[in-house]
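S.K.: Questions regarding the structure given below will be posed in turn.
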Amino acid sequence: MKQAVLRIRDLSFFYEKSKVLESLSFSVEDNGFFIIIGPNGSGKSTLLKLMAGLINPVSGQVEVLGKSVGAYKRKALAKILGLVPQTTSMDFPFTVMDVVLMGRSPHLGMLGLEREEDIHIAMQALKFTGVDALSSREMGRLSGGERQRVCIARAICQDPKIILLDEPTASLDLAHQIRVMDLMEKLQHEKGITIVMVSHDINLAAMYADTLLILKDGRIVDSGPPRDVITFKTLEQTYGCTLLVDESPLGNYPRVTQVPGKYLKTPNKTVHYPRENLNDA
Amino acid sequence: MNSEKPAVLKRLLTVLPALGLILALSMYAGISLGSTQSGFFSAFDALISGENTHGLMDAIIWKIRFPRVLMAALVGATLSLGGLVFQAILRNPLAEPYILGISGGSAIGAIAGILMGFSRFPGVCLMAFAGSLATLFLILVMSSGQTLLRQNALLLSGVMVNAFCAAVIMFLVSMTQDSRLHNIIFWLMGDFSMTGFSQAGILAAINLPCFFLLFFLSNKMNLLLMGKDLAQTMGVNFAAVTLALLVSTSLMVSATVSHCGLLGFVGLVIPHLLRMILGPDHRILVPACILGGGSYMVICDTLARALPHQGEMPAGVITAMVGAPLFIYLLKRSRP
């Protein structure tokens, strides 16, 4: 049995008076690939911020390596947990190398004076994410996909045990989406890092996650391996629309297909739910 | 440990002497030029021979020009650094104490202090500090929420706060009828003409510790530019660092405003220029802004003394004439 690196206990959060998250409890296993999905406004991003210790829960707690996230000093937490936001805007002319080196700052002194060793680590991280050729380019001049990989390299430089990502593929084209997801899998397998990701893309999530958590209106609908969780019934309940579930042509993965309204006029005739039948059996 | 010096220190060792030389040269020019012709070398003689010699020239140089040049250097350094810090906190290259109305707020405090008959220090200075904190708070509240980082919300808030401050200042000025009126108006435009060593000394005592504090926070400013969330996950205690930055900057800016009035756009021109030449790393920019901003203000003040045929004009006239067009240019360029 693998150890839990993140444990969420009875976690609740409110904005003003409206409930965003209600009594969530789950844990993330060491070296897992954990993806949180759910409709807009389900509380996914809030949950990620709570896990990163960026906001404080109203009740309940988040434990990182067995200790409450709020009990860590920022610098100590930065050595355990790295964040990759959805987008990073940059109005100042920092180069790729400048930004990646910032990831070393939790390991350095007040002025963050970097040693040869840190520059070496930064270069390795850029090589790992495949953007080493861009090291002297300005951040503001990169494409969205390149910028995302620089941001991942920066998180790697923190040498964390866990990396949290907020919809890292949301604004990327298909090729870059796969590249970023492959990269995260490589991080999981080669560096032993635990990946926790919020995603909108259920098909990508199904192909990479070992645990999927489905969130709706701040409550957990279901969680477990993608094959068990992605079912017609669960998805309809979560998203409030008809979604087909069948086997991916790659085999082994559930595949979700959206159904345009025009196909729904003749129910039970053109729509089949092979995965659903499989799950019932 | 590696004996190799970090790259940042190496760069500082080349950048700082160069800027230091520029500052020294501009200060020397400021001392030797003026309405009473002194010639290049007689100023040198006077500086070497010290204050005890007699003669009109020595007196002018030691009692008037030297403290004035020191004050100008200190003020230029403070305002440039103030601009740099606000740009980092608000992640907006157009932020600056004068544009945001923070200078205006401290001016209101200072004028109110003058009218209430407080002495320059500490009464007027503390009133200016209170005024700057009040406007800072106002701006942060007005532009808060999701749009805090949006240029438009922030700059518009600043423009409105500035307009309001200007109205209050005009109100206070129009209520004043005695001899203080001329003083206030001249002071408002940014003026160094009434400076002595003791005033420069007091300002230095307040501002130099702020300079050191800001240098020690310079790497945190780099991280702040990545945004609040990322900065925190990279180990920055956001609340503590931001508070230290805001309070120390407001303190040194309001101390400066209470001594020399409103000098606009220095905090925009110098950080922008230095960022273009030296890159965005605050560990280099903080000391560079202190030296470069000092040189710039000494040059502006020297021009303000040397250009008019009779009398002199406030240095703030020159800084605004250079700064306002640059601001418009930057604003136009920042739109996609």
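S.K.: Going by the conditions given, is B:Gly235 over 30 Å from A:Lys73 (Cβ atoms) and either in contact with a helix residue (DSSP H, G or I) (Cβ under 7 Å, 6 or more places away or on another chain) or at pLDDT 85 or above (or both)?
M.R.: Judged against the criteria, B:Gly235 is not a match.
S.K.: Could I ask something else about it? Can B:Ala231 be described as part of a helix (DSSP H, G or I), more than 22 Å from B:Thr135 (Cβ to Cβ) and more than 7 Å from every other protein chain (Cβ to nearest Cβ)?
M.R.: Taking the combined requirement at face value, the residue satisfies it.
S.K.: Could you pull out the residue among B:Ile277, B:Ile270 that is part of a helix (DSSP H, G or I), more than 10 Å from every other protein chain (Cβ to nearest Cβ), free of Cβ contacts under 8 Å to residues at least 12 places away in the same chain and within 23 Å of the chain's Cα centre (by Cα)?
M.R.: B:Ile277
S.K.: Mind checking which pairs have a first residue in segment A:69-86 that is at the interface with chain B (Cβ under 10 Å from one of its Cβ atoms) and of a type in the set (Lys, Arg) and a second that is buried (at least 18 other Cβ atoms within 10 Å of the Cβ) and part of a helix (DSSP H, G or I), Cβ under 6 Å, 6 or more apart or different chains?
M.R.: Pairs that qualify, where the first residue is at the interface with chain B (Cβ under 10 Å from one of its Cβ atoms) and of a type in the set (Lys, Arg) and the partner is buried (at least 18 other Cβ atoms within 10 Å of the Cβ) and part of a helix (DSSP H, G or I), are A:Lys75/A:Pro106; A:Lys79/A:Pro106.
S.K.: Sticking with this structure for a sec: Every residue in segment A:1-47 that is more than 27 Å from A:Val256 (Cα to Cα) and among the basic types (Lys, Arg), please.
M.R.: Scanning segment A:1-47 gives A:Lys2, A:Arg7, A:Arg9, A:Lys17, A:Lys19.
S.K.: Output the number of residues of segment B:184-194 satisfying the condition of being crowded, with 24+ Cβ neighbours inside 10 Å and touching a helix residue (DSSP H, G or I) at 6+ places or on another chain (Cβ under 6 Å).
M.R.: Qualifying residue count, segment B:184-194: 2.
S.K.: So, one more: Please state which one of A:Gly145, A:Gly130 is at pLDDT below 90 and either closer than 12 Å to A:Val84 by Cβ or away from every other protein chain (no Cβ under 14 Å) (or both).
M.R.: Checking each option against the conditions leaves just A:Gly145.
S.K.: Let me ask you something else. Looking at A:Thr87, is it out of contact with any Lys or Arg (no Cβ under 6 Å at 6 or more places or on another chain), surrounded by fewer than 17 Cβ atoms within 10 Å (Cβ to Cβ) and among the β-branched types (Val, Ile, Thr)?
M.R.: When the stated conditions are applied, A:Thr87 passes them.
S.K.: Sticking with this structure for a sec: Limited to segment A:98-120, what total is found for residues that are more than 10 Å from chain B (Cβ to nearest Cβ) and touching a residue at least 24 places away in the same chain (Cβ under 8 Å)?
M.R.: 1
S.K.: Test A:Gly32 against the criterion of being surrounded by fewer than 23 Cβ atoms within 10 Å (Cβ to Cβ), touching a helix residue (DSSP H, G or I) at 6+ places or on another chain (Cβ under 8 Å) and on the phi < 0 side of the Ramachandran plot, and give yes or no.
M.R.: Criteria met by A:Gly32.
S.K.: Take A:Ala153 and tell me if it is buried (at least 23 other Cβ atoms within 10 Å of the Cβ), over 17 Å from the mean Cα position of the chain (by Cα) and over 22 Å from A:Lys44 (Cα atoms).
M.R.: Judged against the criteria, A:Ala153 is not a match.
S.K.: Answer yes or no: is there a residue in segment B:302-313 that is more than 20 Å from the chain's Cα centre (by Cα), within 28 Å of A:Ser105 (Cα to Cα), of a type in the set (S, T, N, Q) and surrounded by fewer than 22 Cβ atoms within 10 Å (Cβ to Cβ).
M.R.: No: zero hits.
The values are calculated or read from the model by the stated rules, or taken from the named source; none is laboratory data. Only a predicted model underlies this, so the values are computations on that prediction, with no experimental measurement involved. Neighbour counts run over all protein chains shown; Cβ positions are idealised from the backbone, glycine included.
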